[in-house]
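What follows is calculated from the coordinates using simple rules that are stated; it is not laboratory data. All figures in this text were calculated on a predicted structure; none of them were measured in a lab.
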Amino acid sequence: MSSRLISQLLGYAGLIPFFGFCLGFSSLEDWPRSLSIQGFVIYSLAIFAFLAGALWGQVQAVQAADGESAVSTLIVSNGLVLFGVAAILTAQAMMAAVFLMLGYIALLWYETRVSTLETWYRLMRRRLTLGVVVAHIIFVVLHITGA
């Protein structure tokens with residue numbers, strides 16, 4: 001299998017836990033429900049940090065070409081991870097989810113402006129970010145409605 005196909009399979013499969021945790025949040029009770037809530041937020045942070053790390057890795061591959069742009073991208077990459085960790089430290093799952101959702105949007109916005117990634121990857125990233133944002137909205141609505 002090609003790395004492109006594996007990237008696509010892993011990327012789209014990565015949406016399953018987001019929606020699975022939302023399903024657990026809405027349909028389970030007691031400890032399994034709490035586990036679903038915490039799992040959603042922790043999984044979201046993990047994926048967010050992974051994507052910020054991928055941005056870091058992209059810079060390493062082209063750092064010699066544009067030093068000033070590379071420095072700002074490294075700072076943004078690290079800043080986004082710190083933002084995600086700070087979101088978790090609020091100790092409020094709904095607030096953390098909102099902040100992480102905003103972080104995903106900011107990461108995609110920044111990535112589209114500084115990256116020279118292939119067209120198929122950019123399209124996949126937009127679609128995956130849309131899926132992640134939808135999952136976060138569902139998660140927040142579940143909190144608001146007390147589901």
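Values as computed for the structure displayed
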| read-out | value |
| --- | --- |
| C-alpha center-to-center spacing [segment 1-52, segment 119-147] in angstrom | 11 Å |
| Taking segment 9-147 and dividing mean pair separation by its residue count, relative contact order in percent (alpha carbons under 8 Å, at least six apart) | 28 percent |
| On Cα atoms only, tilt of 67-88 relative to the major axis of the chain in degrees | 10 degrees |
| Computed [θ] at 222 nm, helices only, for the chain once each DSSP H run of length n ≥ 4 contributes -39500 (n - 2.57) | -30500 deg cm²/dmol |
